[in-house]
1. Quick one: which of Gly741, Gly784, Gly798 is farther than 18 Å from Ser166 by Cα, of a type outside the set (A, V, I, L, M) and not in a loop (DSSP other than H, G, I, E, B)?
2. Considering only the range 141-247, give the helices (runs of 4 or more DSSP H) lying wholly within it that have at least 3 residues that are surrounded by fewer than 16 Cβ atoms within 10 Å (Cβ to Cβ) and modelled with pLDDT of 85 or more.
3. Using the structure shown, decide if Ala87 is more than 29 Å from Gly243 (Cβ to Cβ) and under 26 Å from the mean Cα position of the chain (by Cα).
4. Only one residue in Val749, Val716 is β-branched (Val, Ile, Thr), open to solvent by less than 50 Å² (accessible area, probe 1.4 Å), assigned to a strand (DSSP E or B) and within 22 Å of Asp566 (Cα to Cα). Which one?
5. Before we move on, is Asn339 farther than 15 Å from Val272 by Cα, open to solvent by less than 30 Å² (accessible area, probe 1.4 Å), out of contact with any Ser or Thr (no Cβ under 8 Å at 6 or more places or on another chain) and in a helix (DSSP H, G or I)?
6. Residues in the range 519-537 that are within 13 Å of Ile378 (Cβ to Cβ) and either under 35 Å from the mean Cα position of the chain (by Cα) or loosely packed, with under 11 Cβ neighbours inside 10 Å (or both): how many?
7. If you scan the range 301-323, which residues turn out to be closer than 16 Å to Ala273 by Cβ and open to solvent by 40 Å² or more (accessible area, probe 1.4 Å)?
8. Can you confirm whether Gly703 is within 22 Å of Arg745 (Cα to Cα), open to solvent by less than 80 Å² (accessible area, probe 1.4 Å), at pLDDT below 90 and out of contact with any Phe, Trp or Tyr (no Cβ under 8 Å at 6 or more places or on another chain)?
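The values are calculated or read from the model by the stated rules, or taken from the named source; none is laboratory data. Model, not experiment: these values are computed from the prediction. Cβ: placed from backbone, ideal geometry, glycine included. Neighbour counts: every protein chain shown. Surface accessibility is based on the protein's heavy atoms, side chains included, excluding ligands, DNA and RNA. Shrake-Rupley method; radii C 1.70, N 1.55, O 1.52, S 1.80 Å.
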Amino acid sequence: MEEFLRGRPAVFAALGLASGIALASSPWSVFVPIGLALSIVTISVLVWRCTFLQILLLFAAFVMLGHQLASLESSSYQNTTLGKIAAMKPIHPVIVGTLETIGETRSEFLWTFNVDSISIASQAPVSVQGRVLLRLPKLSRVFVPLPEVGSKLRVFCSLEPFHSPSNPHEFASDLKLQTTTHTEATGYLHSRFDYQILNAPKQTMLSQIGNELQSIHQSLLALLDSAIEEGNARGFVEAVVLGDRSDMDKETLNDFTTSGVAHILAVSGFNVAIVSLVVAQLLRIFGIYWLRTRISITMLMVLLYSAIVGFQPSVVRALLMIELYLIAKLLERKPDPLNIVMSAAAINLLLRPYDLFDVGFQLSYAGVLGMILISPKILWLFHLSDEDHVPNMRNDRRIFHRRFVKEVGSAMALSVGASMASYPVIAVYFYRISFIGLLANIPLIPLSAIITALGFLLLPLTAISHSLGQLYGEATAYLTDLLLIVTRFSAHVPSAAHAAASPSWIFLALLAVAIIFCLRASTRTRFLGRISISLSCFFALWTLGVPFSNAMLAKNEGKLQVLFFDVGQGDCILLYTPSGKSYFVDFGKVDMNGTATIERTAIPFLRAEDVTRIDAGFISHMHIDHFGGAPALLQNCNVASLMTSGERVGGKTSRMLDSLSRVQYTQLRVLGRGDALQLDSDLSLEVLHPDRHVLEQKRTAYGKNIHSGMLAFKLVYRNTSFLFLGDVERSEEEEMLADYGDQLRSNVVKVAHHGSLTSSSKEFVEATHPEFAVISVGEHNHFGHPSPAIVKRWMTNGAKVFRTDLDGAQLFVSDGNRVERVDWR
């Protein structure tokens with residue numbers, strides 16, 4: 001171990017920096033520098049001549065450096081004056097400043113904005129220095145061209161702090177945006193009319209270079225567009241060559257994710273390495289044989305390519321690794337892969353400490369380290385490494401067979417090594433593991449490499465001759481179609497991917513120890529023996545009840561659990577019964593970009609809790625904010641049946657739901673007043689509305705008022721009950737009052753119609769008289785929900801009111817005698 005570290009100083013440098021950055025985010029951060037300083041002084045006085053302890057001293061020094069860097073960076077955009085102003089959520093703020101950068105996603109533009117002054121509620125402007133992340137929906141682009149980088153703007157927006165996840169097991173996308181953009185607050189713009197351009201940008205040398213690089217990027221995209229006509233093929237080539245996924249449809253992107261080969265789409269080390277190889281070979285063709293000249297030109301070209309693609313985090317990580325490798329070759333030093341990778345990680349952390357918590361950073365370095373440390377051990381185990389000499393063979397067929405087995409084995413070992421190292425990271429963040437990816441990577445990686453190389457070749461060929469470019473473009477399209485077919489097949493293989501329960505830190509720590517323990521085996525027999533010992537220990541600890549997952553539902557097993565998800569302006573509720581059955585009440589909405597909110601809220605939760613079967617789903621009515629996520633749930637889970645009131649609507653989402661229901665043999669059942677369902681032992685559901693006999697009359701009477709056919713019901717578990725009202729309005733409340741009266745009394749009420757004034761009449765609120773009232777509502781919704789008068793009415797009646805827009809997801813647990821609200825955070 002001592003020799004291993006002595007020859008690779010970057011290993012302890014990177015690990016020390018990572019440890020210091022992690023400690024800076026811990027509660028005992030204040031005591032870290034004092035403790036490390038005392039340790040360094042004590043060890044240096046006592047045992048300075050011991051090499052291993054010298055390494056520990058240097059490790060401690062890098063821990064302190066990482067701690068200091070993280071503390072300095074966090075103070076630059078956390079707990080600042082602008083952040084404190086945003087935390088108060090000021091009314092109608094107006095900020096003036098300069099547009100620094102423009103980014104975009106599939107649905108919105110993301111601007112980083114340097115603030116010079118801010119005024120609140122028409123008061124005089126106050127000078128405030130800071131950075132805000134402005135978010136502008138893409139639909140607003142139709143009015144006027146976007147401002148350029150460097151423009152002076154006056155912005156009218158809502159100013160808010162960055163939010164932590166509002167649902168259990170939800171990815172912290174807001175906090176990730178804050179750390180990647182180094183901004184102090186976020187501002188939401190609704191349209192083009194929410195900003196004014198005060199001054200055009202001043203042209204500087206850097207801005208001119210940026211404009212030229214953007215122009216080159218667009219020109220290269222145009223060349224690929226003209227060379228490849230077929231849409232999906234063109235989208236893939238543009239993604240792997242220039243990092244542009246705008247032409248790839250959502251279904252294709254999902255296929256890459258499900259099959260475990262999404263890394264192919266990212267411009268990373270794989271693509272940058274191909275660029276360096278192509279450049280090196282072209283230099284040879286043009287007669288440049290001097291090694292240092294070739295390496296120097298290759299380094300410059302790789303840097304230029306990274307600038308054209310855009311210095312995205314994945315590109316920067318790849319650039320660091322490739323450039324360090326080329327520098328080692330330039331200095332005529334034998335490149336050590338592990339030292340190069342850890343050097344790149346150390347430089348990355350020195351420049352951007354909080355990248356340590358970025359999932360892309362963790363996946364990139366985990367995959368590469370897996371190929372460096374685990375893959376050779378797999379080859380060694382199966383006698384396929386270079387250490388195993390090939391015996392003398394008398395015929396070429398055996399030699400060919402041996403080489404073929406070795407090449408396939410090497411590809412498999414690389415895939416397994418990268419996957420094994422990446423799986424813990426994927427399980428922590430995405431709660432899903434792709435088993436088919438181990439096999440899919442073997443044909444797809446070399447095929448993708450060929451397509452990427454052809455894509456680079458298409459650029460000069462199309463520029464020289466449009467016909468020649470189309471000829472090679474057609475060949476590239478055929479290969480790309482083959483890759484997409486393999487990807488689609490891999491994604492739809494049964495059990496291609498499986499939900500992975502959220503692993504606990506205890507499990508991850510034990511897993512790391514077990515991997516190191518196994519990799520240090522000196523013989524194959526000991527290696528297999530250590531694997532057996534590790535598996536036996538894991539089984540024994542699991543039997544003893546050591547928590548290997550962060551499952552939330554398991555903490556209240558044997559009780560009824562009702563979880564109201566925060567899905568914005570919509571409803572989505574999970575019912576988890578004492579015996580482990582799962583039911584959904586509504587499914588949330590669909591965003592402007594066609595993505596169901598359930599895909600980032602409820603579905604990750606189900607994966608993290610290892611719930612793959614839904615016994616039934618209840619659709620209160622066919623409004624998009626209630627049934628919009630149902631197709632997504634059917635695509636990700638086995639849904640046994642769907643219950644509705646019989647309402648039918650048109651539209652793309654409704655047609656998709658009907659199609660998926662038929663394909664997956666999901667039973668459909670229409671419910672009406674008086675129906676009763678036994679969901680579990682001592683758990684029953686009583687339908688209160690609508691009356692199936694007068695449903696058609698109501699449709700005629702109310703025209704398009706779909707709320708007249710609303711499915712409302714009461715869930716009863718022993719001596720406790722929950723009332724689910726969907727979007728019922730006062731006329732429906734009057735009917736239920738007339739028919740059920742005091743039977744409407746419940747422990748928990750899902751407030752009707754998101755707290756609208758059209759519901760929650762005084763008489764109805766008094767009749768239900770709940771302990772808790774939950775309002776499922778979206779932040780900044782255009783309807784003004786919930787009405788302050790309605791919130792006050794429920795509170796006056798003695799209910800504790802919780803709003804998903806302010807309080808996040810709400811979990812209630814019933815043991816049959818009383819209901820408790822559980823703080824899942």
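1. Values: Gly784 fails: not in a loop (DSSP other than H, G, I, E, B); Gly798 fails: not in a loop (DSSP other than H, G, I, E, B).
Answer to the check: Gly741.
2. Values: elements: 173-181, 205-227, 231-242.
By residue number, 205-227.
3. Details: more than 29 Å from Gly243 (Cβ to Cβ): yes; under 26 Å from the mean Cα position of the chain (by Cα): yes.
Criteria met by Ala87.
4. Working: Val716 fails: within 22 Å of Asp566 (Cα to Cα).
Checking each option against the conditions leaves just Val749.
5. On the way: farther than 15 Å from Val272 by Cα: yes; open to solvent by less than 30 Å² (accessible area, probe 1.4 Å): no; out of contact with any Ser or Thr (no Cβ under 8 Å at 6 or more places or on another chain): yes; in a helix (DSSP H, G or I): yes.
When the stated conditions are applied, Asn339 does not pass them.
6. Filtering the range 519-537 for residues within 13 Å of Ile378 (Cβ to Cβ) gives 519, 521, 524, 527-528, 531.
Keeping just the survivors that are either under 35 Å from the mean Cα position of the chain (by Cα) or loosely packed, with under 11 Cβ neighbours inside 10 Å (or both) gives 519, 531.
Summing the residues that are within 13 Å of Ile378 (Cβ to Cβ) and either under 35 Å from the mean Cα position of the chain (by Cα) or loosely packed, with under 11 Cβ neighbours inside 10 Å (or both) in the range 519-537 gives 2.
7. Met301, Leu303, Leu304, Val316, listed by residue number.
8. Numbers: within 22 Å of Arg745 (Cα to Cα): no; open to solvent by less than 80 Å² (accessible area, probe 1.4 Å): yes; at pLDDT below 90: yes; out of contact with any Phe, Trp or Tyr (no Cβ under 8 Å at 6 or more places or on another chain): yes.
Criteria not met by Gly703.
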